[in-house]
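These notes concern the structure reproduced below.
The values are calculated or read from the model by the stated rules, or taken from the named source; none is laboratory data. As the structure is a computational prediction, the values presented were derived from the model and not from experiment. Cβ coordinates were reconstructed from backbone atoms using ideal geometry, including for glycine residues, and neighbour counts include every protein chain displayed. Protein only, heavy atoms only, side chains kept; ligands, DNA and RNA dropped before computing areas. Shrake-Rupley method; radii C 1.70, N 1.55, O 1.52, S 1.80 Å.
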Amino acid sequence: MIGNGSNESVTPRRKQAQPQALPPKGPVPASVDSSLPASTSAVGSTDWNIRQPAHQIDPRAIAYWRTSALIGVLVLTVVGAAMLLIPDVGIWLAGGVLFLAALALGAAVVIPARRYRVHRWEITPTAVHTRSGWIVREDRIAPLSRVQTVDSHQGALMRLFKLRNVTVTTASAAGPIVIQLLDEEYAQDVVAELTALTRSTTGDAT
Amino acid sequence: MSDPDWERLDPRTVLVAPVRVLGQATFALAAAVIGLSQQSMTAALYGAPAIALLVLLVGTLPYFVTRFRVNDNELLVRTGLISRKTLTAPLSRIRSVDLEASLLHRILNVVTVKIGTGVDEDRIDLDALSQNRAEVLRRTLHTRQAPEAESAGLAEQSEPDAHAEDQATLIAQLRPSWARFAPFNFTQLVIVGGLIGTVSQFGFQEQVAELWAQRDYLDRFAASALTGIALATLMCAAVVWALVAMVGYLVHWWDLRLSQTDSTLNCTYGLFTRRSITIDQPRIRGVRLKQPPAIRLLGGAEVSTLATGVGSEGTATVLPWSTRAYATGVAETLISDPHSMRLPLQEHGKYARRRIHLGHLVGQIVPVAGICLVVAWFDWSWWLAVAASAFLVSVSAVAAEMTYRNLGHALTDRHLIAGHRSASRVRTALERDGVIGWVVRSSWLQRRRNLVTLIATTAAGDERVTIADVPAEMALAVSRDTSPDLMDEFLERT
């Protein structure tokens, strides 16, 4: 797919659904305090933005997140109900647990779709870029020349949905990049692609 | 692998190793002796020396059993009496070669060589070798593991270049007056806190309060006397603490010598146990200058290096508490970047300041609530709660302002400089080449103010350099200036 040193990014094997409306740009950025001293090497007054990574993750991720949240809701409900039945335990404690279960249910309904809109990833011939998170949004960028290992991981619930994570680690413990919840066969392709790309670069990777 | 090729430890190991084994086995020995004495006293009387002798004999085993050798590209160590074990360490994986000599070692003129093989924190200890052999071994391991040494030319060189030793420049040396900073290292003040806690266990305050409440002058006198005694005890404890801290500092760092050659950085220190740490220059990726609030007030600072594969956290303290000017000079010399430690940092703006103040204020909610609860519980005067809360809040406001002033970043020709978001003034300089990748993180609250937390990931030190609460455009400009090849394709202009 990459061959001949072309500058294209890895194209998806399956036809991913066209991203619907782009995620909302967020509130209008507050103006930066103009009395700040100039940075020693600022790029003039140009404003930079991290561009959105090209690909979204597999749509089944929504169902996966929802299911794992619902399992949590189920556990909480069972515990709460059991506490109601036991005579000694106070009503407040049981009520609190059930309230948590209700909150978790609300979260299970609302959050997965929003999180799906944020999670994105991209691989170029020289680097990896992922975007993830919902309340705390995170962009991670790492060069392929410094990658040490590429592996994939599939949890029990992920197996049900045929999803896989791809993890790229660098020499820094703070730097692993996880491309979450890709279709499992596609994930194997991505791993092979990454391994080929990183093998072609030399160095101690520190 | 015939025997003559393998080197043995120094014969004086026979004297040194058993002492170490005895020290390690003290608890087990004591337990055994106590156990024996419960059976019969005579058994304990005869048994204790016998066990000690046995332990000593076992301690001499390492000398007979350990062999090591250095090949062209690996270090082999063979140990074990019953189960032979061969440790193989590729020379390229050897991260550090440190020498350590306890008092006994120094009397016998031997050292322990501690070889660190990086990632797993496995360490190979050769206890003990003579001083000369240890130095030769260290130089051999260092020159052979340097990337340039892989070429055929250097591999044929049998003896490491002794000329390099002449070019060692002394960067820093201990001045005993620096011990005055030691007592203000408040991370160890938790001991004092514990002391106060134990004293208050005796219900001290209630008794004094009761005595004061009495109208009788004699009781009041007794109360004030008790308070006086308590204060005097505290002051004595403080003086003792200061003395212990200063003596400990001097003993640990005695005759510190920090010297630099073209290829290595060497730090030697210690009064009783003399330690010698050597770090390859290519592995040193940055420095950190640290000034906790109390020590900063006195004009002190500490320098540590950020290196790949050194120590458990990767940062090794190379200069303990010293005067700020001296420490700054040493730090700048280590990274060969003059003025980098004195550069004014780019501030992060009023939104970052507000965020820090708000965070500190919110952090005081729980302690203030706790104080109100305690006052209500003991039915003390409400003014106490108000006064204590006001004190807490004002201290935290001061801390918040200090935190904002310490926060910042800058970029020099070769280094990325970060001022940490903490009440201690910590400034980290990291080589631009040492930055592996970037993490740009923003919480919901930060996004509302267009702030992000920028993290440069690196293999050196604690493996990340965090620039907190930066305006987003500034953060991306910094990342683009530091790693243009990496970030160019991911950034777009707005």
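Which of the residues that make up region B:464-481 are surrounded by fewer than 22 Cβ atoms within 10 Å (Cβ to Cβ) and either in a helix (DSSP H, G or I) or not hydroxyl-bearing (Ser, Thr, Tyr) (or both)? Don't jump to the end; show me each part of the working.
First, pick out the residues of region B:464-481 that are surrounded by fewer than 22 Cβ atoms within 10 Å (Cβ to Cβ): B:464, B:466, B:473, B:480-481.
Hits for region B:464-481 are B:Arg464, B:Glu473, B:Arg480, B:Asp481.
Would you mind telling me which numbered condition in (1) among the hydroxyl-bearing types (Ser, Thr, Tyr); (2) more than 22 Å from B:Ala327 (Cβ to Cβ); (3) surrounded by fewer than 22 Cβ atoms within 10 Å (Cβ to Cβ) B:Ser424 fails?
B:Ser424 satisfies all of (1) among the hydroxyl-bearing types (Ser, Thr, Tyr); (2) more than 22 Å from B:Ala327 (Cβ to Cβ); (3) surrounded by fewer than 22 Cβ atoms within 10 Å (Cβ to Cβ) except (2).
Restricted to region B:312-340, and to residues that are within 18 Å of B:Arg285 (Cβ to Cβ) and within 14 Å of another protein chain (Cβ to nearest Cβ), which residue is modelled with the lowest pLDDT?
Among residues in region B:312-340 that are within 18 Å of B:Arg285 (Cβ to Cβ) and within 14 Å of another protein chain (Cβ to nearest Cβ), the one modelled with the lowest pLDDT is B:Ser312.
Which of the residues belonging to region B:210-236 are in a loop (DSSP other than H, G, I, E, B) and either open to solvent by 100 Å² or more (accessible area, probe 1.4 Å) or at pLDDT 75 or above (or both)? Outline the logic, then answer.
From region B:210-236, those in a loop (DSSP other than H, G, I, E, B) are B:214-216; that's our starting set.
If the condition is that a residue be in a loop (DSSP other than H, G, I, E, B) and either open to solvent by 100 Å² or more (accessible area, probe 1.4 Å) or at pLDDT 75 or above (or both), then B:Arg215 is the only one that fits.
Can you name every residue in region B:243-294 that is among the charged types (D, E, K, R), within 17 Å of the chain's Cα centre (by Cα) and open to solvent by less than 20 Å² (accessible area, probe 1.4 Å)?
none
Tell me which residues, restricted to region B:482-494, are outside any helix (DSSP H, G or I) and out of contact with any Ser or Thr (no Cβ under 6 Å at 6 or more places or on another chain). Let's see the steps before the verdict.
Within region B:482-494, the subset outside any helix (DSSP H, G or I) is B:483, B:491-494.
Hits for region B:482-494 are B:Ser483, B:Leu491, B:Glu492, B:Thr494.
Which one of B:Ile94, B:Ile51 is among the β-branched types (Val, Ile, Thr), out of contact with any Asp or Glu (no Cβ under 8 Å at 6 or more places or on another chain) and either open to solvent by less than 40 Å² (accessible area, probe 1.4 Å) or in contact (Cβ under 8 Å) with a residue 60 or more places away in the chain (or both)? Step through it out loud before you land on a result.
Values: B:Ile51 fails: either open to solvent by less than 40 Å² (accessible area, probe 1.4 Å) or in contact (Cβ under 8 Å) with a residue 60 or more places away in the chain (or both).
Criteria check complete, one pass: B:Ile94.
With the structure loaded, tell me whether B:Trp382 is among the aromatic types (Phe, Trp, Tyr) and within 14 Å of another protein chain (Cβ to nearest Cβ) or whether it fails that test.
Details: among the aromatic types (Phe, Trp, Tyr): yes; within 14 Å of another protein chain (Cβ to nearest Cβ): no.
Taking the combined requirement at face value, the residue does not satisfy it.
Against the condition assigned to a helix (DSSP H, G or I) and surrounded by 15 or more Cβ atoms within 10 Å (Cβ to Cβ), how does B:Leu45 come out, does it pass?
On the way: assigned to a helix (DSSP H, G or I): yes; surrounded by 15 or more Cβ atoms within 10 Å (Cβ to Cβ): no.
Here the answer is no, as B:Leu45 does not meet what is asked.
Report, by residue number, each residue of region B:440-463 that is assigned to a strand (DSSP E or B), in contact with an Asp or Glu (Cβ under 9 Å, 6 or more places away or on another chain) and more than 7 Å from every other protein chain (Cβ to nearest Cβ). Break it down stepwise before answering.
In the first step, residues of region B:440-463 are kept if they are assigned to a strand (DSSP E or B); the result is B:440-442, B:451-458.
Applying the additional criterion that residues be in contact with an Asp or Glu (Cβ under 9 Å, 6 or more places away or on another chain) yields B:440-442, B:451-453, B:457-458.
B:Leu451, B:Val452, B:Thr453 - these are the residues of region B:440-463 that are assigned to a strand (DSSP E or B), in contact with an Asp or Glu (Cβ under 9 Å, 6 or more places away or on another chain) and more than 7 Å from every other protein chain (Cβ to nearest Cβ).
Restricting the first residue to region B:100-112 and requiring it to be more than 11 Å from B:Arg275 (Cβ to Cβ), which pairs with a second residue that is assigned to a helix (DSSP H, G or I) and open to solvent by 80 Å² or more (accessible area, probe 1.4 Å) meet a Cβ separation below 8 Å and a spacing of at least six or different chains?
B:Leu104/B:Leu15; B:Leu108/B:Leu15
Take B:Arg274 and decide whether it is touching a residue at least 12 places away in the same chain (Cβ under 8 Å) and either in contact with a Cys (Cβ under 6 Å, 6 or more places away or on another chain) or more than 25 Å from B:Arg342 (Cα to Cα) (or both).
Details: touching a residue at least 12 places away in the same chain (Cβ under 8 Å): yes; either in contact with a Cys (Cβ under 6 Å, 6 or more places away or on another chain) or more than 25 Å from B:Arg342 (Cα to Cα) (or both): yes.
Spelling it out, B:Arg274 is indeed touching a residue at least 12 places away in the same chain (Cβ under 8 Å) and either in contact with a Cys (Cβ under 6 Å, 6 or more places away or on another chain) or more than 25 Å from B:Arg342 (Cα to Cα) (or both).
Between a first residue in region A:114-137 that is within 12 Å of chain B (Cβ to nearest Cβ) and in contact (Cβ under 8 Å) with a residue 12 or more places away in the chain and a second residue that is acidic (Asp, Glu) and surrounded by 20 or more Cβ atoms within 10 Å (Cβ to Cβ), which pairs have beta carbons less than 8 Å apart while being 6 or more apart in sequence or on different chains?
Sorted first by the residue in region A:114-137, then by its partner, the pairs are A:Val128/A:Glu122; A:His129/A:Glu122; A:His129/A:Asp139; A:Thr130/A:Glu122; A:Thr130/A:Asp139; A:Arg131/A:Asp139.
Does B:His348 satisfy the criteria of being in a helix (DSSP H, G or I), buried (at least 19 other Cβ atoms within 10 Å of the Cβ) and at pLDDT 90 or above?
For B:His348, the condition - in a helix (DSSP H, G or I), buried (at least 19 other Cβ atoms within 10 Å of the Cβ) and at pLDDT 90 or above - is not met.
Tell me which residues, restricted to region B:406-439, are assigned to a strand (DSSP E or B), within 12 Å of chain A (Cβ to nearest Cβ) and under 12 Å from B:Leu345 (Cβ atoms). Steps first, answer last, please.
Restricting attention to region B:406-439, the residues satisfying the condition of being assigned to a strand (DSSP E or B) are B:408-411, B:415-419, B:425-431, B:435-439.
Imposing the further condition that a residue be within 12 Å of chain A (Cβ to nearest Cβ) reduces the set to B:408-411, B:415-417, B:430-431, B:435-439.
Answer for region B:406-439, where residues must be assigned to a strand (DSSP E or B), within 12 Å of chain A (Cβ to nearest Cβ) and under 12 Å from B:Leu345 (Cβ atoms): B:Gly408, B:His409, B:Ala410, B:Leu411, B:Leu416, B:Ile417.
Of the residues B:Val435, B:Val395, which is farther than 26 Å from B:Thr333 by Cα and either surrounded by 19 or more Cβ atoms within 10 Å (Cβ to Cβ) or among the aliphatic types (A, V, I, L, M) (or both)? Walk me through it before giving the result.
On the way: B:Val435 fails: farther than 26 Å from B:Thr333 by Cα.
Answer to the selection: B:Val395.
Quick check: anything in region B:8-22 open to solvent by 40 Å² or more (accessible area, probe 1.4 Å), touching a Lys or Arg at 6+ places or on another chain (Cβ under 9 Å) and charged (D, E, K, R)? If you could, list the steps in order and put the result at the bottom.
We begin by selecting, within region B:8-22, every residue open to solvent by 40 Å² or more (accessible area, probe 1.4 Å); these are B:8, B:11-12, B:14-15, B:19-20, B:22.
Among the residues that remain, those that are also touching a Lys or Arg at 6+ places or on another chain (Cβ under 9 Å) are: B:8.
With charged (D, E, K, R) added as a condition, the list becomes B:8.
Scanning region B:8-22 turns up at least one residue that is open to solvent by 40 Å² or more (accessible area, probe 1.4 Å), touching a Lys or Arg at 6+ places or on another chain (Cβ under 9 Å) and charged (D, E, K, R).
Only one of (1) within 14 Å of another protein chain (Cβ to nearest Cβ); (2) within 20 Å of A:Ile177 (Cβ to Cβ) fails for A:Trp65. Which number is that?
(1)
Say whether the condition of being modelled with pLDDT under 90, among the aliphatic types (A, V, I, L, M) and in contact with an Asp or Glu (Cβ under 6 Å, 6 or more places away or on another chain) is met by at least one residue in region A:154-170.
No, region A:154-170 contains no residue that is modelled with pLDDT under 90, among the aliphatic types (A, V, I, L, M) and in contact with an Asp or Glu (Cβ under 6 Å, 6 or more places away or on another chain).
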